[in-house]
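The values are calculated or read from the model by the stated rules, or taken from the named source; none is laboratory data. All values derive from a computational prediction rather than experimental measurement. Cβ coordinates were reconstructed from backbone atoms using ideal geometry, including for glycine residues, and neighbour counts include every protein chain displayed.
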Amino acid sequence: MFNIDQIVKALQTDKNTQRTAMTGAAGLAAGMLLSGGGLGKLAGNAVKIGAVAAVGGLAYKAWQNYQQNQPGAAPAQQPSQDAFIPAPADQNAQEELGKSLVRAMIAAAKADGRIDAEEKEAIFTKLEGMSLSAEEKAWVFDELSSPLDINAVAARADTPEHATEIYAASLIAITADTAAERAYLDALASKLKLAPALVAEIHKAAGEKDPEPVQTPASPWAYTPSGSNV
């Protein structure tokens, strides 16, 4: 089974490179959990609940708030937390969701082209020092090196709950302070078929400002037909 938490931890950049990818205001889920704050509060005070559980908790909170604000919403309409956070015993579900979230984080960080060769080398070096299998390292290398494909990211959303988590993971992986990043998130929300009110709740749960509507595509890939890559 892939060690998603170790992979996410490796994707955190050092303080000297925090101007580059994956250093959003909310921070990466696993990093904040390991430091005992931030997203970890969504699951009580359990510090090491894991990256999948952290993003799942954020998405679940946003979903609940969104549903409660819908006209005529009933408790029966609320999905269980299991729809967002697979049971620990279900290792396959944990791994597949974890891969989806990591892929979403990496893709979001590519949105403005700021993962350069130096940044990749820093991540690779960190990966080499971790107890990860050759398969795990190769998977991350491939994800970092492959062209950005927003359609591949969205295609991993096999349920509305997972769509919410994929957007949440993308949001916390970047600062979303450039036109290209905002355009990417806007396009991703559209491809994931997320209601604007739900997107706003995800931003609120992550401690980010409300999404800004993108009037003009800031990047040629943002609104390209399905199947197009960077």
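Please work out which one of (1) under 19 Å from the mean Cα position of the chain (by Cα); (2) at pLDDT 80 or above is the condition residue 88 fails and give its number.
In the conditions (1) under 19 Å from the mean Cα position of the chain (by Cα); (2) at pLDDT 80 or above, residue 88 misses (1) alone.
Working only within region 91-104, note down all residues that are within 11 Å of the chain's Cα centre (by Cα) and touching a residue at least 60 places away in the same chain (Cβ under 8 Å).
Here is the first cut: in region 91-104, the ones within 11 Å of the chain's Cα centre (by Cα) are 97-104.
Within region 91-104, 97, 98, 99, 100, 101, 102, 104 qualify.
Given region 105-192, what helices (runs of 4 or more DSSP H) lie entirely inside it while holding 1 or more residues that are in contact (Cβ under 8 Å) with a residue 40 or more places away in the chain, hydroxyl-bearing (Ser, Thr, Tyr) and within 26 Å of residue 84 (Cα to Cα)?
Because the criterion is at least 1 residues that are in contact (Cβ under 8 Å) with a residue 40 or more places away in the chain, hydroxyl-bearing (Ser, Thr, Tyr) and within 26 Å of residue 84 (Cα to Cα), the helices (runs of 4 or more DSSP H) in region 105-192 that meet it are 160-172, 179-191.
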